[in-house]
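Since the structure comes first, as structure tokens, the remarks are kept for the end.
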Amino acid sequence: MANRSFKQDNIQNNAPSPKPQNAKTNSESPAVEDGPATEGAATPPSEPGPESGAAEPREMTLDLKSFRRPGEKAFTQRCRLFVGNLPTDLTEDDFKKLFAKYGEANEVFINRDRGFGFIRLETRTLAEIAKAELDGTVMKNRAIRVRFATHGAALTVRNLSPAVSNELLEEAFSQFGPVEKAIVVVDDRGRPTGRGIVEFASKPAARKALERCADGALLLTGSPRPAVVEPTEQFDDEDGLPEKLLQKSAQYHKEREQPPHFAQPGTFEFEYSSRWKALEEMEKQQREQVERNIREAREKLEAEMEAARHEHQLMMMRQDLMRRQEELRRLEELRNQELQKRKQIEMRHEEERRRREEEMMRHREQGDMRRPPDGFKPNYVDSREQEMRMGDMGPRGAVNMGDAYNPAATNANQGPPQMMGASVPGRGGAPGPEGAANMGAPVMPDNAGMVTY
């Protein structure tokens, strides 16, 4: 289809030309015996005429970037072409020039001994145009064959959930390697069929995904439905088998003796045609029965799965509730322990405070007992007066009573006057006949000797 559009654009562009056969020449493949023509090559000028300037045929120039779809990846396996029946003396440079007008080539391989090669173009559209234009081109008396190469890294994924999309499918299989394309197959109404195609960039990644999914269970959603992965069967539903490629064997000539026709009733052909149809009908019925049994088993499994899911969720909720209750009980125990510790600390602080108060009261009571009551006057003179009296004593320790009465000394004592014969604490005796106080034992000097007169 892309080739027809490409030719139609060229024909419409060159339609005003007085020589319409040039348009056909421009639209045909550039590959000739000597090699392909380069893109944008000039066309030989036509004969001069009154309108030759406006009617000259021109080759249309196309932007190769316009053949790339939005979001399409470049240089994928889907852009890889197989070229067969090549001349054995074709060089790699000539092979590249053959596809030069279709853009840059990422992979070029040629086997001259066996006469085939591979090339990878930028986009699928460019590969389709190159295939349509170059297939059947004669090079050195050999018609080359151009086909899309077999995609050896493509996998078929079955048992997909209706919630799986192209993006989710690509995300799930990207863990095994770079994914070039991931498609969920849908029917004519756009409903998912439960099957998908994943195309990897390399065979090791596809092999890894196949082995991992066979050994384990890859779940694409929350539903426990594992993806079933298997290699994709390769079919050529575009070109098919043309007559020129059919092997002309003896069986071919025997089969082709009669043209297509309907078998007449009562003949040998009609009898065995009926038996063939009965066999096909039996196969169809058995397939339908198998599909029906599988569908019923699938529905039963889904119902059991939903019931088990609810039961599992209830069990998980019970376990979570028990776990939370245990956590609350543990927290309550910790809280009670903390409260108990606080009470013990408060009681200890209260006991210490009470003990300090009792200690303070005891110290206060002892201080009150040591302090004399108000208005109490001791019966002894102060230490200063006692020293003065001691200084007035004679050599024998007696008070010199012969001294005259000194009123100043008397007034110096703020207390009331005492009698000369008053007893002093710690000193006994009564005054003698001469007025001297009997101080008891005579006062001994420092040398402990008795002084005599």
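Here are the numbers for the structure shown:
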item: Accessible surface of the stretch 83-216 [probe 1.4 Å, protein heavy atoms]: carbon and sulfur percent; result: 44
item: 5 angstrom amide H check on LYS181, placed H, neighbours 5+ away; result: GLU199
item: From phi via Karplus (6.51, -1.76, 1.60), per-residue ³J(HN,Hα) for the stretch 337-342 in Hz, x at Gly/Pro; result: 4, 5, 5, 4, 4, 5
item: Surface/4 of the Cα convex hull for the stretch 130-228, nm²; result: 8.5
item: Overall dimensions of the stretch 231-283 as given by Cα atoms, namely Rg and Dmax in Å; result: 16.0, 46
item: Span per principal axis, largest first, for the Cα atoms of the stretch 266-339 (Å); result: 106, 11, 5
item: Counted charge near VAL229, where neighbours are those whose Cβ lies closer than 15 Å (Asp, Glu -1; Lys, Arg +1); result: +1
item: Volume in Å³ per residue [convex hull over Cα atoms, computed for the stretch 110-178]; result: 151
item: Counting all C-alpha pairs of the stretch 181-235, share separated by more than 19 Å (%); result: 35
item: Rounded to the nearest 10 Å², the accessible area of ASP187 at probe 1.4 Å; result: 50
item: Subset of LYS73/LYS203; LYS96/LYS208; LYS73/LYS131; LYS73/LYS208; LYS101/LYS140 violating a 24 Å alpha-carbon distance limit; result: LYS96/LYS208
item: Taking the convex hull of Cα positions in the stretch 70-118, its mean projected area over all directions (nm²); result: 3.7
item: Inter-part distance where the stretch 315-375 and the stretch 65-95 are each reduced to a Cα centre, Å; result: 89
item: Accessible area (Å², per residue) of the stretch 140-266, counting only protein heavy atoms and a probe of 1.4 Å; result: 66
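The values are calculated or read from the model by the stated rules, or taken from the named source; none is laboratory data. For clarity, every value in this text was computed on a predicted model and none was experimentally measured. Please note: Cβ atoms are built from the backbone with ideal geometry, for glycine as well, and neighbour counts cover all protein chains shown. These accessible areas exclude ligands, DNA and RNA; they are computed on the full protein's heavy atoms, side chains included. Shrake-Rupley method; radii C 1.70, N 1.55, O 1.52, S 1.80 Å.
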